[in-house]
1. Looking at (1) in contact with a helix residue (DSSP H, G or I) (Cβ under 9 Å, 6 or more places away or on another chain); (2) part of a loop (DSSP other than H, G, I, E, B); (3) more than 20 Å from Phe204 (Cα to Cα); (4) not β-branched (Val, Ile, Thr), find the lone condition where Leu103 falls short.
2. I'd like the residue in segment 25-62 that is within 20 Å of Leu169 (Cβ to Cβ) and of a type in the set (Gly, Ala, Ser) and, out of all such residues, is farthest from the chain's Cα centre (by Cα).
3. Of the numbered conditions (1) of a type outside the set (Val, Ile, Thr); (2) part of a loop (DSSP other than H, G, I, E, B); (3) within 14 Å of Asp133 (Cβ to Cβ); (4) modelled with pLDDT of 85 or more, Leu28 fails exactly one; give the number of that condition.
4. Out of the residues in segment 36-73 meeting the condition of being polar (S, T, N, Q) and over 20 Å from Ala90 (Cα atoms), tell me which one is most open to solvent (accessible area, probe 1.4 Å).
5. Does any residue of segment 190-197 turn out to be modelled with pLDDT under 80, part of a helix (DSSP H, G or I) and closer than 21 Å to Leu43 by Cα?
6. Could you please find all residues in segment 170-186 being open to solvent by 10 Å² or more (accessible area, probe 1.4 Å), at pLDDT 90 or above and not charged (D, E, K, R)?
7. State which residue pairs qualify: first residue free of Cβ contacts under 8 Å to residues at least 60 places away in the same chain and closer than 23 Å to Gly102 by Cβ and inside segment 58-80, second residue outside any helix (DSSP H, G or I) and polar (S, T, N, Q) in any location, beta carbons under 7 Å apart, and separation of 6 or more residues or different chains.
8. Return the only residue of Ser36, Ser41 being at pLDDT below 90 and closer than 12 Å to Ile131 by Cα.
Amino acid sequence: GVPRSILDAVQIGQFDDGDPITVSLYELHQMIAGLSGSGKSNLIDVLVYLITLCNDAVVVMADLKYATARAWAQPSLNGRTRVPMLRWVATDRWQAERMARGLADLIRSRTAKMEGNRHRPTPESPAVFAIFDEIGEVAGEHSGPRWSTQGQGATSAQMANYLTTLVALGRAAGVWIIIAGQRNTVSMFGKGDMVSQLGLRIGF
């Protein structure tokens, strides 16, 4: 059949009365919050599946525990798929910083070349969805805003600044952020300026 486009609305679940819950993933940055075991990873799996069905979108993921990303990365690592389901997986803070900086570079590059005021995804220039799982491990302030990482990459405060930039500027360039964590608090999700721009919020 014809490949799905990321511009199409998708169903991510259903209400208690059975009506479908549909959203346009290409309209909003997203927050997923919930206790351990509440269903966050299952929803991320659904989102990765739906996005990777599209021929004009790709997924990258920062997953420091390498728990959610593992199932999606293993097929290509084992040679079972021609195209990786996840185009980039960051499994430590240093790689997560590289990912955030790389996305910022992509945004600047696309913005400089855009005709009009918004990127339109194509197979040659796809939308990019960056999933940051367990965001508290990346940008949370639970250990203080200048939490030292002993040379393991950017501090939490620096990562929170990177993510704030991505959320503020990514929409026009077709770069979308999905952030998942246990509690919708500054100690878990980082800066309020960033969280305020996450238009689609799903809580478990």
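1. (2)
2. Applying the filter and picking the extreme gives Ala57.
3. (3)
4. Within segment 36-73, the first condition is being polar (S, T, N, Q), and the residues that meet it are 36, 38, 41-42, 52, 55, 68.
Cutting the leftovers down to over 20 Å from Ala90 (Cα atoms) gives us 36, 38, 55.
Working: Ser36: 87, Ser38: 44, Asn55: 72 Å².
Among residues in segment 36-73 that are polar (S, T, N, Q) and over 20 Å from Ala90 (Cα atoms), the one most open to solvent (accessible area, probe 1.4 Å) is Ser36.
5. So the first thing to find is which residues in segment 190-197 are modelled with pLDDT under 80, and the list is 190-197.
Now restrict to residues that are part of a helix (DSSP H, G or I): 192-195.
Next, from what is left, pick out any that are closer than 21 Å to Leu43 by Cα: 195.
Taking every residue of segment 190-197 in turn, at least one turns out to be modelled with pLDDT under 80, part of a helix (DSSP H, G or I) and closer than 21 Å to Leu43 by Cα.
6. Residues of segment 170-186 open to solvent by 10 Å² or more (accessible area, probe 1.4 Å): 171-172, 182-186.
Applying the additional criterion that residues be at pLDDT 90 or above yields 171-172.
Hit for segment 170-186 is Ala172, nothing else.
7. Tyr66/Thr91
8. Details: Ser36 fails: closer than 12 Å to Ile131 by Cα.
Of the residues listed, the single one that is at pLDDT below 90 and closer than 12 Å to Ile131 by Cα is Ser41.
The values are calculated or read from the model by the stated rules, or taken from the named source; none is laboratory data. Small disclaimer: the values here were computed from a predicted structure and weren't measured. Cβ atoms come from the backbone with ideal geometry, glycine included; neighbour counts cover every protein chain shown. Surface areas here come from the heavy atoms of the whole protein model, side chains and all, with no ligands, DNA or RNA. Shrake-Rupley method; radii C 1.70, N 1.55, O 1.52, S 1.80 Å.
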